[in-house]
Amino acid sequence: KNEVEQSPQNLTAQEGEFITINCSYSVGISALHWLQQHPGGGIVSLFMLSSGKKKHGRLIATINIQEKHSSLHITASHPRDSAVYICAVKYDMRFGAGTRLTVKP
Amino acid sequence: NAGVTQTPKFRILKIGQSMTLQCTQDMNHNYMYWYRQDPGMGLKLIYYSVGAGITDKGEVPNGYNVSRSTTEDFPLRLELAAPSQTSVYFCASTGWSTDTQYFGPGTRLTVL
């Protein structure tokens, strides 16, 4: 079993929909990262969380340390949000397999 | 700032050949990382460094070596290339004053 599990693996949404991507982990961590990998392969760091909630534009990330779970929400999704979203836990930097999001116009 | 730069962008190696993947950052970051991403798989940490002269193994270090003689540079060495090392390699860095990991554009390596 992977230490970091993401769901869903693939997600297709219509423009404007509210998106939720989940990340569960089984190890003790000091922080959790959410990353975005563009279709061209480039990787951008979105958030690092150690507790609570962070918001940046239309993106919101939450973490529940007791439940070992984090969620990434995208409000008012747009085709330009289409990418692979990856969570990573700061325990020797272990990564989930990613969630491939496609937003259709 | 150029951020994190990696060279080369692409490389094809024959089995048994050696090469060095270069990584440089100009943000004065203490922490640097090397990851590999196999097709359809998640990223895995190969090696990391918390500062010049200090390196440590990650999840998949076998077949690789690193050095960190300066703050800016963190080269990754493959001594005897094997087909299992076919992957995309990403270098990343972060510093004391930022939560953000900055990634390089990646090096696509094929070993035939």
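For A:K54 and B:T70, what does the FRET efficiency come to when R0 = 30 Å and r is the distance between their Cβ atoms, rounded to the nearest 0.05?
Values: r = 33 Å, r/R0 = 1.10.
The computed FRET efficiency comes out at 0.35.
Do any chymotrypsin sites (Phe, Trp or Tyr not before Pro) in the stretch A:1-76 lie in a DSSP loop with no more than 12 other beta carbon atoms within 10 Å, and if so, which? Don't jump to the answer; show the numbers that get you there.
Numbers: sites: A:F18, A:Y25, A:W34, A:F47; in loops: A:F18.
Within the stretch A:1-76, the qualifying chymotrypsin sites (Phe, Trp or Tyr not before Pro) (loop, at most 12 other Cβ atoms within 10 Å) are A:F18.
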Dipole of chain B, positive direction: furthest Cα of B:P61, B:Y48, B:Q25, with charges on the beta-carbon = B:P61
Projected label distance in nm at B:T100 and B:L112, using a 7 Å step from Cα toward the beta-carbon | 3.9 nm
Kindly provide the pair-distance distribution of the stretch B:2-48 built from C-alpha pairs, with 10 Å bins from 0 and whole-percent values in order of increasing distance.
-> 19, 48, 30, 4
Measuring from the lowest to the highest alpha carbon on each principal axis, how far does chain B reach, largest first, in angstroms?
-> 41, 26, 23
Pick out which of B:T24, B:T100, B:T71 has the largest mean-square fluctuation in a Gaussian network model of chain B, springs linking Cα atoms closer than 10 Å.
-> B:T100
Please identify, among A:T62, A:T12, A:T20, the residue showing maximal mean-square fluctuation in a Gaussian network model of chain A using a 10 angstrom Cα cutoff.
-> A:T12
Exposed-loop-free span, longest in chain B, where trypsin sites (Lys or Arg not before Pro) count as exposed if DSSP calls them loop and at most 15 other C-beta atoms lie within 10 Å = B:15-112
Of A:K53/A:K90; B:K14/B:K44; A:K90/B:K57; A:K68/B:K9; A:K55/A:K104; A:K54/A:K90, which pairs sit farther than 26 Å apart, going by alpha carbon to alpha carbon?
-> A:K68/B:K9
Computed for the protein assembly as shown: size of charge dipole around the Cα centre, +1 on C-beta of each Lys and Arg, -1 on C-beta of each Asp and Glu, debye to nearest 20, value 260 debye
Along Cα→Cβ, 7 Å out, is where each label goes; now give me the distance between the ones at A:S30 and B:D38 in nm to one decimal.
-> 2.8 nm
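Return an integer: the convex hull volume of the alpha-carbon atoms of the protein assembly as shown, in Å³ per residue. Walk me through the numbers before you get to the answer.
Values: hull volume 27.0 nm³, N = 217.
Expressed per residue, the convex hull around the Cα atoms of the protein assembly as shown is 124 Å³.
For the stretch A:1-97, take the alpha-carbon Rg, divide it by the Kirkwood Rh, and send me Rg/Rh. The partial results should precede the final answer.
Numbers: Rg = 12.8 Å, Rh = 13.5 Å.
Rg/Rh for the stretch A:1-97 comes to 0.94.
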Extreme residue, positive dipole direction of the protein assembly as shown, given options A:S50, B:T98, A:N2 (C-beta unit charges) | A:N2
GNM, chain B, Cα, under 10 Å: largest mean-square fluctuation among B:Q17, B:Q25, B:Q101?
-> B:Q17
Which chymotrypsin sites (Phe, Trp or Tyr not before Pro) does the stretch A:61-105 hold that lie in a coil by DSSP with at most 16 other beta carbons within 10 Å?
-> A:Y91
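What do you get for chymotrypsin sites (Phe, Trp or Tyr not before Pro) in the stretch B:41-101 restricted to DSSP loop and a cutoff of at most 16 other Cβ within 10 Å of the site's Cβ?
Working: sites: B:Y47, B:Y48, B:Y64, B:Y89, B:F90, B:W96; in loops: B:W96.
Those satisfying the criteria are B:W96.
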Would you mind checking the stretch B:25-54 for residues with the amide N under 15 Å from a putative spin-label position 7 Å along Cα→C-beta of B:N62?
-> B:46
Starting from the Cα of B:I12, step 7 Å toward the Cβ, then list every residue of the stretch B:63-88 with an amide N under 18 Å from that point.
-> B:81-88
Taking every residue in B:50-59, how many Cβ atoms of other protein chains lie within 10 Å of its Cβ, on average?
-> 1
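Throughout, read-outs are computed from the coordinates displayed, never taken from laboratory work. The model shown is predicted, which means the values in this text are computed figures rather than measured ones. FYI the Cβ positions are ideal-geometry reconstructions off the backbone, even for glycines, and counts take in every protein chain you see.
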